[in-house]
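This report refers to the structure that appears directly beneath it.
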Amino acid sequence: MKFTKPLVALTLLSATLLSACSSLSPMVNTEPQAEDVAPEVLTPLQVKVKSLQGQPNLYQDKKSQFSANNQTLSQFQKGLSLKQQGKFSEAKAVFSRLSEQHPELSGIWVQLALVNKQLSKKSTQQTLKDMARYLNNAVAANPYNYVAHNELGKVLRQQGQFQNALKHYDLALKSWPAFSQAYLNRGILYDLYLGEKSLALNDYELYQALSNDESRQLKGWIIDLQRQIKRAQAAS
């Protein structure tokens, strides 16, 4: 019996400690928990744009196959500088010499086409013919030059060769699927010349998303096409 009181005291102490631990235990998990961040919900257009932006630029990937030496690059930069200064005749002379020396360099032919356009006050049939020749040389030299394909598409459209123009816009986008300008120009071709309104709307929206063009003109085109498509669907 002499051990009864200490044993009772020890039992009471243990019970008190357990009770205290029990009362504190919920506090261990009372720290605020980080809420799960909801994943970003993308629209179908945003998904498409992300997919396009993730695809390779074949022109950049293959660029090493069409390299130029430092002297040629220096002359090319000189031609670009003259062009930017509005000295188009002098720029054309520089690019013409370079095209004779390096017909395998696609960018030279593109610049010749663009300078030739600047030298002509109007897009005459001869101007378009000369531009087409330069641009055909450009895509022959480098089939991955999406700028050349895009410019050639515009020339062919002006010449009334709509299917050939479409082919070159498609080739530009095959080379670089995220090239916004080709979507704009292909959209114009679909809209005004081929009557493919849904395809035109799709291209305008892709151009807008890729270029971040928020101009009123483009928004007006998109709204107008949406109305046209809706009316056509209601009438069918």
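Quick notes on this structure:
- Test: residue in the stretch 110-124 that is assigned to a helix (DSSP H, G or I) and farther than 16 Å from Phe88 by Cβ: no
- Taking first residues from the stretch 104-115 that are closer than 9 Å to Leu135 by Cα and partners that are open to solvent by less than 20 Å² (accessible area, probe 1.4 Å) and of a type in the set (S, T, N, Q), the Cβ contacts under 7 Å between residues at least 6 apart in sequence or on separate chains come to Ser106/Asn142; Ser106/Asn145; Trp109/Ser99; Val110/Asn145; Leu112/Ser99.
- All positions within the stretch 186-236 that are basic (Lys, Arg) and either within 19 Å of Gln163 (Cα to Cα) or touching a helix residue (DSSP H, G or I) at 6+ places or on another chain (Cβ under 7 Å) (or both): Arg186, Lys197
- Output for the stretch 207-236, where each listed residue is more than 20 Å from Leu192 (Cβ to Cβ) and of a type in the set (A, V, I, L, M): Ala209, Leu210, Ala234, Ala235
- Failed item in (1) acidic (Asp, Glu); (2) within 29 Å of Glu205 (Cα to Cα); (3) in a helix (DSSP H, G or I), with Glu90 passing the rest: (2)
The values are calculated or read from the model by the stated rules, or taken from the named source; none is laboratory data. This one's a predicted model, so the numbers in the text were calculated from it and none came from an experiment. Cβ atoms come from the backbone with ideal geometry, glycine included; neighbour counts cover every protein chain shown. Calculation scope for accessible area: heavy atoms of the full protein, side chains included, ligands and nucleic acids excluded. Shrake-Rupley method; radii C 1.70, N 1.55, O 1.52, S 1.80 Å.
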